[in-house]
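Data block below; observations after.
What follows is calculated from the coordinates using simple rules that are stated; it is not laboratory data. Treat the numbers as computed from the prediction; the structure is a model and nothing was measured. Every residue, glycine as well, gets a Cβ built from its backbone with ideal geometry; the counts of neighbours run over all protein chains shown.
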Amino acid sequence: MKRIITCTVQDRGGVLNRITGMFYKRQFNIESITVGVSEIEGLSKMTFVVEISDDQKLEQLTKQLNKQIDVIKVSDITDKAIVARELALVKVNAGNQSRAEIQGIITPFRGTVIDVSKDTLTIQVTGKSDKVDALISLLKPYGIKEISRTGVTALLRGQQSSQQVVEVNSFPV
Amino acid sequence: MKAVAKQEVQLKEELGTGADLLIKALVDAKVEKVFGYPGGAVLPIYDAMFRHEFPFEHILFRHEQGTIHAAEGYARVTGKPGVVIATSGPGATNLITGITDAMMDSLPLVIFTGQVGQSVIGTDAFQEADVMGLTTPITKYNYQVQNIADLPRIVNEAFHIATTGRPGPVLIDIPKNISAGATDGEYDNSFEVPGYQPTVNPNPMQIRKLANALSQSKKPVLLAGAGVTIADASDELTAFAEKYQLPVVNTLLGLGSFPGSHPLSLGMGGMHGTYTANMAIYEADLLINIGARFDDRLTGKISSFAPEAKVAHIDIDPAEIGKNITTEIPVVADAKRALLALLNGELNGPDNKEWLEKLEANKKEYPLWYDHSDELISPQWLIEQIHQASKGEAIVATDVGQHQMWAAQFYHFNKPHNWITSGGLGTMGFGLPAAIGAQIGRPDDTVISILGDGGVQMTIQELAVMNDLNLPVKVFIVNNEALGMVRQWQEKFHGERYSSSLLTKNPDFLKIAEGYGIRGIKVDKEKDVPAVLEDIFSYDGPVVVDCRISWKEKVFPMIAPGKGINEMIGVTR
């Protein structure tokens, strides 16, 4: 099962290395990872998408993350009401004939053309991962030259703050 | 060696450089001993120690590996953090084994490594190594100091992290320009670690659940690990076991946390544990693990480990709970506080009279056994003799392998903090420097190092430190001219193909001892052993005893790799 796990960490040197090293050491497979500043100075937010086989492994992962000195909070938000987005840049072959056709494909996805060359278009699309996947598969027949994806970043919807998420280091009683 | 009363330390010099700040920070952390080895990148630190006339004792080892194992031994027997200083590059990389060992066995260490100057970090400078990258997976935490003014805070924080929660090694990498650079005279060591707040008090609900499970249990077993010793909870454990008549199995690292000669002790569990201990775990209906981590050498095949039991696990590290064994009752807490909560709670004791009778019968029927060797010394008997001659009160340090298992089986530890062994990592070369560190930490106690003829050669240079400080460590080389445990596995599981495991051209250990200015004695007949032991235990200096045993000796009973805890071989003759 795919899980989205967010992690608030102290912005200290080596923190990313320490955390990804733990994933590697404990045999967890990171599908995507995004890191950026948070709303509080000195704290960063990491969002991981991880493929995990069972609940026991999931519990172990969240515990190992919590154990890191630099980690302030860990939340598994997969089953919460969330907004999750990623951004993709796709460079696709596009001669004179296919340009209009490609424009027609990307419009329903709210994709935009951000660069044009003689033979290519570069398209930017934002959305849930499956939407990005769908657009990419539609563009494939034209010949994709390059893809760059950011990986998922996510927030809880509306009024919920991440404080309300079940703290994964506490135990069910 | 007598302990000298410590007076309030006054620093001799102004805090002019980063190294001076470091010295003050170590004094503030109440450091008494530092295990170290100098080198280019730590010259400013060594100079500052000298200028301040050594406000703590610095012990020079002969290899960085020696410093860190000594610090581990020191930490194990004193409960205080072991402090290590080594230089950059090779100095730091020589510490790697010891840091990993301390991480596995939860030993509090604070390690300082020199680093090349900040202006050349990343240029493959002379004696540069990526110490942060190398040590990140094997430390509880690590720092590279970026600003001189941060040093006091980082040192203070490092001692806090190393010694609280589940203890572990913390490393501080100090670029040379930081230790040599001028300060602005400020000294601020206040810190905050918002991401690190170990849970020490047990959740009362979980304690109640545990108490209920205990009341209903017919076949309860306590499993006591090193966490009991680290939490200084041996008295509470003993009181709890006695109050409800609960049998106790110790892990290898937990030996001594419950008195080995206590009627409720079932001895050690696991691969070379007692039949009684392992079958108690196998048949138990309630297993209460206190401060052990369900290591694979304890559990054997997971599906055969405590298959009938409800499992409760008290541990200060939540990540250990449920890691290897499915746990019904998790208790995240300091072992002492959890045991006190259980002792103070209202609880009907279990009805386990039949269970205790059964275990008692097992103990009588299937004790640990050995045969006397025809010509050479039988190693198990030797350990028993050492136990007697040292009145069972010595601190014992070992390496890893056959001698370690014999020591664990036959030196019945009755007190905590007296057993130093490399459990998790299984490090050869650990026992000699660890014993030296222990003797430095507890100068008035008898310290014994039981080693193999293989492991002793990995750190034998540290005999120089024993001679230098006249440390009365008694070193026993259990010499079978083989890498005994490797050879035993080759005999049992690899068709007696002794591939690179026989040490038939060993050096003359007596001459080596003599070369280091240490008394050496060779003993190869059982009849000579008592006199030798009497002699060396009344001798106030270091001794190396080369004890000859047959290479055919094996450690029994045992659980073969991949087998269950109920499938021991060699239980009886």
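Kindly provide the GluC sites (Glu not before Pro) of segment B:209-313 that DSSP labels as loop, not H, G, I, E or B, and whose Cβ sees at most 15 other Cβ atoms within 10 Å.
Values: sites: B:Glu236, B:Glu242, B:Glu283, B:Glu308; in loops: B:Glu308.
Here the GluC sites (Glu not before Pro) that fit, given the DSSP loop and packing criteria, are B:Glu308.
Helix A:15-25 axis versus longest C-alpha principal axis of chain A: approximately 90°, rounded to the nearest ten. Loop-located GluC sites (Glu not before Pro) across segment B:465-526 with a Cβ neighbour count of 15 or fewer within 10 Å are B:Glu496, with loop assigned by DSSP.
Could you tally the net charge around B:Ser303, taking each other residue with its Cβ under 14 Å from the Cβ of B:Ser303, Lys/Arg +1 and Asp/Glu -1?
The answer is -1.
Working note: Debye formula, equal point scatterers on the alpha-carbon atoms of segment B:18-180, no solvent; log10 I(q)/I(0) at q = 0.18, 0.21 Å⁻¹ is -1.04, -1.49.
Hey, got the average number of other protein chain Cβ atoms within 10 angstrom for residues in B:124-133? Intermediate results must be reported in sequence, preceding the final value.
Working: counts 0, 0, 0, 0, 0, 0, 0, 0, 4, 3.
Per residue, the number of nearby Cβ atoms from other chains is 1 on average.
Once you list every other residue whose beta carbon is under 14 Å from the beta carbon of B:Glu384, what net charge do they have if Lys and Arg are +1 and Asp and Glu are -1? Taking every other residue near B:Glu384 into account, the sum is -1.
Taking 10 °C and 1.306 mPa s as the conditions, I'd like the Stokes-Einstein D for segment B:379-555 in µm²/s, using the Kirkwood hydrodynamic radius from alpha carbon pairs.
Values: Rh = 16.0 Å.
This corresponds to a translational diffusion coefficient of 99 µm²/s.
Structure note, pairs B:Lys415/B:Lys511; B:Lys336/B:Lys554; A:Lys80/B:Lys323; A:Lys57/B:Lys219: Cα-Cα distances above 28 angstrom occur for B:Lys415/B:Lys511; B:Lys336/B:Lys554; A:Lys57/B:Lys219.
Looking only at other chains, what is the average number of their beta-carbon atoms within 10 angstrom of each beta-carbon in B:138-148? Please list the in-between numbers first.
On the way: counts 1, 2, 3, 6, 4, 3, 2, 0, 2, 0, 0.
Partner-chain Cβ atoms within 10 Å, mean over residues of B:138-148: 2.
To the nearest ten degrees, helix A:129-139 and the longest principal axis of the Cα atoms of chain A are 20 degrees apart.
As a length-normalised measure over Cα pairs under 8 Å and 6 or more apart, the relative contact order of segment B:126-260 settles at 19 percent. Applying the Karplus relation 6.51 cos²θ - 1.76 cosθ + 1.60 with θ = phi - 60° to segment B:285-295 yields 3J(HN,Hα) values of 9, 8, 10, 10, 8, 10, x, 10, 10, 6, 4 Hz, where x marks Gly and Pro.
Counting only Cβ charges, +1 for Lys and Arg and -1 for Asp and Glu, the dipole size of segment B:379-555 around its Cα centre is about 440 debye. When the P(r) is computed for chain B, the part past 41 Å accounts for 26% of the Cα-Cα pairs. Beyond 28 Å in Cα-Cα separation lie the following of the pairs A:Lys45/B:Lys301; B:Lys358/B:Lys492; B:Lys80/B:Lys301; B:Lys474/B:Lys525: A:Lys45/B:Lys301; B:Lys358/B:Lys492; B:Lys80/B:Lys301.
Quick one: pull the percentage of alpha-carbon pairs in segment B:188-332 with a separation above 20 Å.
44
A DSSP coil position with no more than 16 other Cβ atoms inside 10 Å describes the following GluC sites (Glu not before Pro) in segment B:108-202: B:Glu186, B:Glu192. Projecting the alpha carbon convex hull of the protein assembly as shown along each direction and taking the average yields 38.2 nm².
With a 10 Å radius around each residue's Cβ, average the other Cβ atoms per peptide and rank B:567-573, B:337-343, highest first. Please report the intermediate quantities before stating the final value.
Values: B:567-573: 14.3, B:337-343: 22.3.
In decreasing order of mean packing, B:567-573, B:337-343 become B:337-343, B:567-573.
The alpha-carbon of B:Lys140 sits under 16 angstrom from the alpha-carbons of these lysines, leaving out residues fewer than 8 places away in its chain: A:Lys25, A:Lys63, A:Lys67. With the charge dipole of the protein assembly as shown set up from +1 on Lys and Arg Cβ and -1 on Asp and Glu Cβ about the Cα centre, the Cα lying farthest toward the positive end among the listed residues B:His262, B:Pro152, B:Ile321 is that of B:Ile321. Here segment B:145-185 is treated as an ellipsoid with the same Cα gyration tensor; its semi-axes, largest first and in whole Å, are 24, 11, 5. Cα axis of helix A:55-67 to longest principal axis of chain A: angle in degrees, 0 to 90, nearest 10? Result, in degrees: 70.
Note on A:Lys118: lysines with a C-alpha under 26 Å away, same-chain residues under 8 apart excluded, are A:Lys91, A:Lys140, A:Lys145. Rounded to the nearest whole angstrom, the semi-axes of the ellipsoid equivalent to chain A, taken from the Cα gyration tensor as √(5λ), stand at 36, 16, 15, largest first.
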